[in-house]
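Accompanying notes for the structure given below.
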Amino acid sequence: MAVVREDLTIGAPLKKILWFSLPLMFSNLLQVLFNMSDVAIVGRFGSKEALGSVGSTSIYVILFTGILIGIGSGINALAARYLGAKDDERVARISHTGLWISLIIGFFLLLIGIALARPILVLLSTKPELLENAVLYVSIVFLGLPALAIYNYGNGILSADGDTKRPLLFLASSGVINIILNLIFVIFLKWSVVGVALASIISQYLSAIMIILTLCLSKRSYRLRLPQLKIHRREAKAILGLGLPAGIQNAIFSMANLFIQSGVNSFDTIMVEGNAAAANADALIYDAMAAFYMAVSSFIAQNFGAGKKHNILKCYFIGLLYSSVIGFVLGMGFFLFGKNFLALFTEDKEVIDAGMSRLLIMGCSYFISSLMDCTIAALRGLGKTIIPMILLVLGSCIFRIIWVYTIFGHFKTIESLYLLYPVSWLLTATIVILYFIYIYRKFFIANKNESALCLDN
């Protein structure tokens, strides 16, 4: 497939960011839909207990996959910067080093994730009747982490060069296989939780293979070549400097959400199952919005590398506009048609009513998160990750933990638990935007050259 490279530093950003983001958005949505097929199929053709087992692991799984997504975003921002600067040698070293780092981290997380699965799920007060299947599901799904690491790495490299269509095609192809295998494993072979887990990891390895083949056959500077397949110290430090804080940020964010899951688990099984079904809306909306965050990071990084500083603020506001509109429109859709959505996962009216408790609050709030996440993406494009990570930990993570033990601890209602999401987003957005204003002013006023912003924070 011939692919024309998109130069993200020329043309009208309003249109280019939209066309760049749409394949990413569809790619993210397809990934979520395929993951939702696991929950939907096991819920409709398995049992309520199987649904609860798979759903109760979602935050724990995101805890580890978030690290891989962060590493991929760091590779994306770094590759975009040097593609913008037309430094082919540096791009090649980033590509080969990034593959090794992604694989090493993927295998490390596989071992840690499986080892900690039971104690963490017990710590989260997972219902005894759900625990064994939840541990089994996690233990199988985490075997796919190395493949997920490769896909995020390859997606980051290709997206940095403006190629967002092929990752979408790869994901769509593997996702169709995922759904077919789900149907075979769950409906015909009656493998339930094991079946959906196996279908997931098989599809992940298929997408990883397609990404690697594409990079090996590419004509661009990031083409994978066996003699160059080694870790370059300078590039490894840069990738870890950008990607690791972003990954740790995602992980810590998920750790804070573990406390929220613990709060949900303090209610009865019906509420746990309803929350598990409704939480699928989070993934749909967050990942649709995340496409514009990656666009913001890639566009800002390329323009920064090319020395076109006048485009930076423009790209930020355009990305913020698109992501907040998507969050608002989709959120209102779930607010109005939430019961129809929840019926995809269960026919139990009590479970659907429990799920609506979450959707009624979250549907009105999703767009607020764009203020926080889009600003963090812009800072990542400028090479800033450590300070945003610290601010996120303070504004969202620690604040959420305090909320669980104070506000929720006092009222003990599911509504008081869900309200911490929009409140923490607003708090974190405020402090992150203030930091972005500081960096932007420093970039244009205090320093007059590109070295004003470096990879050190």
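The values are calculated or read from the model by the stated rules, or taken from the named source; none is laboratory data. Computed from a prediction, not measured in an experiment: that's the story for all the values here. All Cβ positions, glycine included, derive from the backbone under ideal geometry; neighbour counts span all protein chains shown. With ligands, DNA and RNA removed, areas are computed over all heavy atoms of the protein, side chains included. Shrake-Rupley method; radii C 1.70, N 1.55, O 1.52, S 1.80 Å.
When you look at G72, is it in contact with a Gly (Cβ under 8 Å, 6 or more places away or on another chain), modelled with pLDDT of 70 or more and open to solvent by less than 10 Å² (accessible area, probe 1.4 Å), yes or no? Please lay out each step first, then the result.
Working: in contact with a Gly (Cβ under 8 Å, 6 or more places away or on another chain): yes; modelled with pLDDT of 70 or more: yes; open to solvent by less than 10 Å² (accessible area, probe 1.4 Å): yes.
Answer is yes for this residue.
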Notebook entry, point to check: Can you spot a residue in region 58-68 that is in a helix (DSSP H, G or I), open to solvent by less than 30 Å² (accessible area, probe 1.4 Å) and more than 15 Å from F142 (Cβ to Cβ)?
Noted result: no
Margin query: Can you list residue pairs whose Cβ atoms sit under 8 Å apart, with the first residue in region 271-292 being among the hydroxyl-bearing types (S, T, Y) and the second being open to solvent by less than 10 Å² (accessible area, probe 1.4 Å) and at pLDDT 85 or above? Count only pairs 6 or more apart in sequence or on different chains.
Written below: Y286/Y366; Y286/S369
Item checked: Given (1) buried (at least 23 other Cβ atoms within 10 Å of the Cβ); (2) closer than 19 Å to V351 by Cβ, index of the condition M25 fails -> (2)
Item checked: Residues of region 394-421 satisfying the condition of being buried (at least 16 other Cβ atoms within 10 Å of the Cβ) and closer than 26 Å to L313 by Cβ -> G395, S396
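In region 203-228, how many residues are open to solvent by 60 Å² or more (accessible area, probe 1.4 Å) and touching a helix residue (DSSP H, G or I) at 6+ places or on another chain (Cβ under 6 Å)?
To start, the set of residues in region 203-228 that are open to solvent by 60 Å² or more (accessible area, probe 1.4 Å) comprises 205-206, 209, 213, 217, 219-220, 223, 225-228.
If we keep only those that are touching a helix residue (DSSP H, G or I) at 6+ places or on another chain (Cβ under 6 Å) too, we end up with 205-206, 228.
Final tally of qualifying residues: 3.
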Note to self: Six or more apart or on different chains, Cβ atoms under 6 Å: show the pairs whose first residue is in region 192-216 and farther than 22 Å from P227 by Cβ and in contact (Cβ under 8 Å) with a residue 60 or more places away in the chain and whose second is charged (D, E, K, R) and crowded, with 20+ Cβ neighbours inside 10 Å.
What the structure shows: V196/D38
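With G241, G247, G263 as the choices, which residue is within 30 Å of I398 (Cα to Cα), assigned to a helix (DSSP H, G or I) and open to solvent by 20 Å² or more (accessible area, probe 1.4 Å)?
Numbers: G247 fails: open to solvent by 20 Å² or more (accessible area, probe 1.4 Å); G263 fails: open to solvent by 20 Å² or more (accessible area, probe 1.4 Å).
Residue meeting the stated conditions: G241.
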Checklist line | Top-ranked residue of region 434-448 - restricted to ones that are open to solvent by 50 Å² or more (accessible area, probe 1.4 Å) and in contact (Cβ under 8 Å) with a residue 12 or more places away in the chain, ranked as nearest to S365 (Cα to Cα) | finding: Y440
Check: Looking at region 319-335, which of the residues that are hydrophobic (A, V, I, L, M, F, W, C) and touching a residue at least 24 places away in the same chain (Cβ under 8 Å) is most open to solvent (accessible area, probe 1.4 Å)?
Finding: F328
Next item on the list: Tell me which of these Y151 doesn't satisfy, since it passes every other one: (1) within 30 Å of Q261 (Cβ to Cβ); (2) open to solvent by 30 Å² or more (accessible area, probe 1.4 Å).
Entry: (2)
Note to self: Against the definition (farther than 22 Å from I114 by Cα, open to solvent by 50 Å² or more (accessible area, probe 1.4 Å) and touching a residue at least 40 places away in the same chain (Cβ under 8 Å)), how does L183 come out, yes or no?
What the structure shows: yes
Note to self: For a quick check of your reading of the model, give me the residue pairs whose first member lies in region 33-58 and is closer than 15 Å to A278 by Cβ and at pLDDT 75 or above, whose second is of a type in the set (D, E) and part of a helix (DSSP H, G or I), with beta-carbon atoms closer than 7 Å and at least 6 apart or on different chains.
What the structure shows: V54/D38
Margin query: I want to confirm something. Restricting to region 165-180 and keeping residues that are crowded, with 16+ Cβ neighbours inside 10 Å and among the polar types (S, T, N, Q), which single residue is farthest from V42 (Cα to Cα)?
Written below: S174
Check: Any residue in region 98-115 that is within 21 Å of L258 (Cβ to Cβ), aromatic (F, W, Y) and under 23 Å from the mean Cα position of the chain (by Cα)?
Finding: yes
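Checking the condition outside any helix (DSSP H, G or I) and touching a residue at least 60 places away in the same chain (Cβ under 8 Å), which residue from G175, G154, G162 passes? Reasoning before the result, please.
Values: G175 fails: outside any helix (DSSP H, G or I); G154 fails: outside any helix (DSSP H, G or I).
So the residue among G175, G154, G162 that is outside any helix (DSSP H, G or I) and touching a residue at least 60 places away in the same chain (Cβ under 8 Å) is G162.
So if I check each of F142, F108, F188, which one is of a type in the set (F, W, Y), open to solvent by less than 30 Å² (accessible area, probe 1.4 Å) and either under 19 Å from V42 (Cα atoms) or modelled with pLDDT of 95 or more (or both)?
On the way: F108 fails: open to solvent by less than 30 Å² (accessible area, probe 1.4 Å); F188 fails: open to solvent by less than 30 Å² (accessible area, probe 1.4 Å).
Going through F142, F108, F188 in turn, just one is of a type in the set (F, W, Y), open to solvent by less than 30 Å² (accessible area, probe 1.4 Å) and either under 19 Å from V42 (Cα atoms) or modelled with pLDDT of 95 or more (or both): F142.
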Check: Checking L198 against (1) under 24 Å from the mean Cα position of the chain (by Cα); (2) open to solvent by 60 Å² or more (accessible area, probe 1.4 Å), which single condition isn't satisfied?
Finding: (2)
Notebook entry, point to check: Which ones in region 358-388 are hydrophobic (A, V, I, L, M, F, W, C), surrounded by fewer than 24 Cβ atoms within 10 Å (Cβ to Cβ) and more than 21 Å from G247 (Cβ to Cβ)?
Noted result: L360, I361, M362, C364, F367, I368, L371
Notebook entry, point to check: Hey, any hits in region 438-445 for a residue that's under 16 Å from L391 (Cβ atoms), at pLDDT 85 or above, aliphatic (A, V, I, L, M) and part of a helix (DSSP H, G or I)?
Noted result: yes
Note to self: Restricting to region 122-139, name every residue that is crowded, with 23+ Cβ neighbours inside 10 Å, of a type in the set (A, V, I, L, M) and out of contact with any Leu (no Cβ under 6 Å at 6 or more places or on another chain).
What the structure shows: L130, V138
